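Everything on this sheet refers to the single structure shown next.
The values are calculated or read from the model by the stated rules, or taken from the named source; none is laboratory data. The shown structure was predicted, so the numbers you read here are calculated from the model rather than taken from an experiment. Ideal geometry is used to build each Cβ from the backbone, glycine not excepted, and the neighbour counts take in all protein chains shown. Side chains are part of the model used for accessible areas, which takes the heavy atoms of the whole protein and leaves out ligands, DNA and RNA. Shrake-Rupley method; radii C 1.70, N 1.55, O 1.52, S 1.80 Å.
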Amino acid sequence: MNSVTVRAPATTANLGPGFDSLGLALDLWNELTVTRGKFSVTATGEGVDIVPQDTRNLVVTGLEAVFNYIDEPVPGLRYECSNVIPFARGLGSSSAAIVTGLIAGSAMSGADLTNEEITTLAADIEGHPDNVAPAIYGGCTVGVRNGTDNWIVDQVNIPEELCAVIFVPEVQTNTHESRAVLPDQISRSDAVFNIGRAAMLVNALSSGRLELLKYATDDRLHQPHRAQGFKAMPQLIDAAIKGGAHGAFLSGSGPSVLALATGREVTISYEMTETARTLGVDGKAMILPVAQGGASVLSSS
Ligand code: HSE
């Protein structure tokens, strides 16, 4: 194979209480073309001034992980990234980079890895499966670590008409810093608060009892701590609910706030944008369907 073009979707992680476990794929796709030749990385679109255009780019990390996994030398390759997922806003741009690199590496090497193998490599790189799993499988996923080198991922049935309304602030978040503010210890009452809601969330999505989402998307493990550095978060969540969302939460480590809806998307978008404006938070709203499928090869030659 001389060249391959692949794509992977944006994702939202945590969905409120499912910290590092639950994720959802969104219908917004980054593309990567890898061609044999002298090593280079070029990027266009989102984050173009910030994303490293060298070996530190996560598309390279992903692709090289495949060649290391099959114990073969990495060939000379040109990487061309076409990025439309907002960069460093909690919408899985890092995971999309890792996963496109892995899928391209799997195709270029002829290794033809299974989704399970790709998930393991991706989650090992990212450290948690909540963005990479939906990027690979599409839809909604729940993932857990089993031991030190094994990840178990399952898909959660969700209503087909489920849609995301997202307020994407202009400011970027560094995930490492956003994780550093989280306490190492939690109280039993906070653990109980989240366990019940994470379970209720999966059940509500599977059964279609979406009226439960306004309770089931609440969280005490990360959102209250992250709200210290992003004071508008609770008001943006309230605005989404007021606009008609079933539930709303911080998307991944933020700063985007994501609302789940089956209708009234324009009103929800308006309420979130207007609240952000009154609070002096610059940004834009997006309305995205759930991506039912995951990352794939688009073409090869
Ligand atoms: N579960 C992760 C977090 C998602 O909230 O930090 C972002 O990588």
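Identify, please: which residue in region 1-19 is modelled with pLDDT of 95 or more and away from the ligand (no atom under 16 Å from the Cβ) and is, among those, surrounded by the fewest Cβ atoms within 10 Å (Cβ to Cβ)?
Step by step, filter region 1-19, then rank; the result is Asn2.
Kindly provide the set of residues from region 20-53 that are open to solvent by 50 Å² or more (accessible area, probe 1.4 Å), out of contact with any Pro (no Cβ under 9 Å at 6 or more places or on another chain) and not in a strand (DSSP E or B), ordered by number.
Hits for region 20-53 are Lys38, Phe39, Val48, Asp49, Ile50, Gln53.
For (1) within 13 Å of the ligand (Cβ to nearest atom); (2) touching a strand residue (DSSP E or B) at 6+ places or on another chain (Cβ under 8 Å); (3) over 27 Å from Pro52 (Cβ atoms), each residue gets a yes or a no:
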position: Ala97; (1), (2), (3): yes, yes, no
position: Ile125; (1), (2), (3): yes, no, no
position: Pro134; (1), (2), (3): yes, yes, no
position: Gln155; (1), (2), (3): no, yes, yes
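Can you name the residue in region 170-192 that is of a type in the set (Ser, Thr, Tyr) and within 13 Å of the ligand (Cβ to nearest atom) and, of all such residues, is modelled with the highest pLDDT?
The extreme case among them is Ser178.
Looking at region 203-259 only, could you name the residues that are open to solvent by 10 Å² or more (accessible area, probe 1.4 Å), β-branched (Val, Ile, Thr) and under 24 Å from Ser93 (Cα atoms)?
Within region 203-259, Ile237 is the sole residue that qualifies.
What's the total number of residues in region 172-199 that are open to solvent by 90 Å² or more (accessible area, probe 1.4 Å) and closer than 30 Å to Val266 by Cβ?
So the answer is 0.
In the list Ala104, Ala111, Ala65, Ala96, which residue meets the criterion of being assigned to a helix (DSSP H, G or I), open to solvent by 10 Å² or more (accessible area, probe 1.4 Å) and either out of contact with any Gly (no Cβ under 6 Å at 6 or more places or on another chain) or within 30 Å of Arg226 (Cβ to Cβ) (or both)?
Values: Ala104 fails: open to solvent by 10 Å² or more (accessible area, probe 1.4 Å); Ala111 fails: assigned to a helix (DSSP H, G or I); Ala96 fails: open to solvent by 10 Å² or more (accessible area, probe 1.4 Å).
On inspection, the qualifying residue turns out to be Ala65.
Can we say Ile195 is over 16 Å from the mean Cα position of the chain (by Cα), away from the ligand (no atom under 16 Å from the Cβ), within 22 Å of Ala25 (Cα to Cα) and at pLDDT 95 or above? Explain how you work it out, then say what you get.
Details: over 16 Å from the mean Cα position of the chain (by Cα): yes; away from the ligand (no atom under 16 Å from the Cβ): yes; within 22 Å of Ala25 (Cα to Cα): no; at pLDDT 95 or above: yes.
In short, no.
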